[in-house]
Amino acid sequence: MKQQQINKKDNSSVFSTNTTLVIGILNITNDSFYDGGKFVNNTQIITQCKKMLDEGATVIEIGAQSSKPGAIQISSKDELKKLLPTIKLLKNTFKEIILSIDTFWSNTAKACILEGADMINDISAGNIDKDIFKVIAKYNVPYIIMHMKGTPKNMQDKPEYNNVVDEIIEYFIEKITTLNNIGIKKIIIDPGFGFGKTINHNFKILNNLDKLKHLKCPILVGVSRKSMIYNLLKTTPHKALNGTSVLNTIALGKGANVLRVHDVKEAIECIKISTFAKNNF
């Protein structure tokens, strides 16, 4: 598997199962679990975006709503107040940038696509706002669907599974079938580390990540600085970069195609080392 090298305007390569790439996280919220409040004005946003692109990010993903455990939903209207100016700013500043929007609201998805966004990441996979499927089908953009039990507000209230891996696979089979039936083919799957899972669930998913490969969709892994790392190591999100790199490297060995991260340089290094090891030994 080779590291992704593409023309930024060609977002078709984002959903390839034969390459690996990095999505850089740009949270423009005040309450995100790691970087809330760090990127709220134009200078901060441009500086961070340039840094991630220079370090090798293929996609920049903008989020205007926190999805940390216990987070309260904000409306599409409130999301758009932050998202639309940011999309315009980044598209004007970086002409070939590929932008993903982290939202589960159909109105947000539509308005952002019309403003120039290239893809949508929906942590609810249509469970919060079913009309988002119609938007994705109409505009034919890549669509990231994630597995989450419940909502961010209640997802960590004692989540239980008979077999977490089997249930995630069944969930994706149902979602992919539904999406394919309405013409949506550009699908990326995210097992949702930390979204309605205990630490044991998270590591069982990681150890069995390769079982998702038969679904024939690119696999996204988003473990960046999450509690499955810092709780295990008894530290904080700000000290969880090394743990993030360890888990990203394991995920690459299990078939991950996309790493969604706060720290692009380190993720690119994981890809380079993992790719070299696969190709030479």
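Would you order Lys77, Lys234 from fewest to most other beta-carbon atoms within 10 Å of each residue's own beta-carbon?
By the 10 Å Cβ count, ascending, the order reads Lys234, Lys77.
By average Cβ neighbour count within 10 Å, what is the ranking of 240-248, 116-124 from highest down?
Those peptides, ordered most packed to least, come out 116-124, 240-248.
Which residue fluctuates most in the GNM of the chain (Cα springs below 10 Å): Asn107, Asn180, Asn202?
Result: Asn180 has the largest fluctuation of those listed.
In whole Hz and in residue order, list the ³J(HN,Hα) couplings for segment 247-262 that follow from phi through the Karplus curve 6.51 cos²θ - 1.76 cosθ + 1.60, θ = phi - 60°; x for Gly and Pro.
Per residue, the Karplus-derived 3J(HN,Hα) values read 5, 4, 5, 4, 4, 4, x, 9, x, 5, 9, 10, 10, 9, 9, 7 Hz.
Whole number please: convex hull volume per residue of the Cα set in the chain, in Å³?
Here the figure is 116 Å³ per residue.
Karplus couplings for segment 63-69 from phi (6.51 cos²θ - 1.76 cosθ + 1.60, θ = phi - 60°), rounded to Hz, Gly and Pro as x?
3J(HN,Hα) across segment 63-69, in whole Hz: x, 10, 9, 5, 10, 5, x.
Taking 22 Å as R0, compute the FRET efficiency from the Cβ-Cβ separation of Ser16 and Glu269 and round it to 0.05.
0.55
Just rank Phe172, Phe203, fewest to most, by other beta-carbon atoms within 10 angstrom.
Exposure proxy ranking, most exposed first: Phe203, Phe172.
In deg cm²/dmol, rounded to 500, what helix-only [θ] at 222 nm does the chain give when every DSSP H run of at least 4 residues adds -39500 (n - 2.57) and the total is split over its residues?
-12500 deg cm²/dmol
Provide the per-residue ³J(HN,Hα) series for segment 157-162, in order, calculated from phi with Karplus coefficients 6.51, -1.76, 1.60 and θ = phi - 60°, each as a whole number of Hz, with x at glycine and proline positions.
7, 6, x, 9, 9, 6
Using the crude model of +1 on Lys and Arg Cβ and -1 on Asp and Glu Cβ, and no other charge, please compute the dipole size for segment 16-280 relative to its Cα centre, in debye to 20.
That gives a dipole near 160 debye.
Identify all lysines with a Cα-Cα distance to Lys88 below 21 Å; exclude those on the same chain that are fewer than 8 residues away in sequence.
Straight-distance partners of Lys88: Lys8, Lys9, Lys38, Lys50, Lys51, Lys77, Lys110.
I need the calculated FRET efficiency for the pair Ala277 and Lys204, taking r as the beta carbon distance and R₀ as 35 Å, to the nearest 0.05.
Calculated transfer efficiency: 0.90.
Within a Cβ distance under 11 Å of Leu212, other residues only, what is the Lys/Arg minus Asp/Glu net charge?
Computed value for this residue: +2.
Can you tell me the convex hull volume per residue for segment 39-103, based on C-alpha atoms, in Å³ to the nearest whole number?
Spelled out: Cα convex hull of segment 39-103, divided by residues, is 91 Å³.
Coordinate-derived values only; no laboratory data. Quick caveat: nothing in here was measured; it's all calculated off a predicted structure. So basically every Cβ, Gly included, is an ideal-geometry build from the backbone, and we count neighbours across all protein chains shown.
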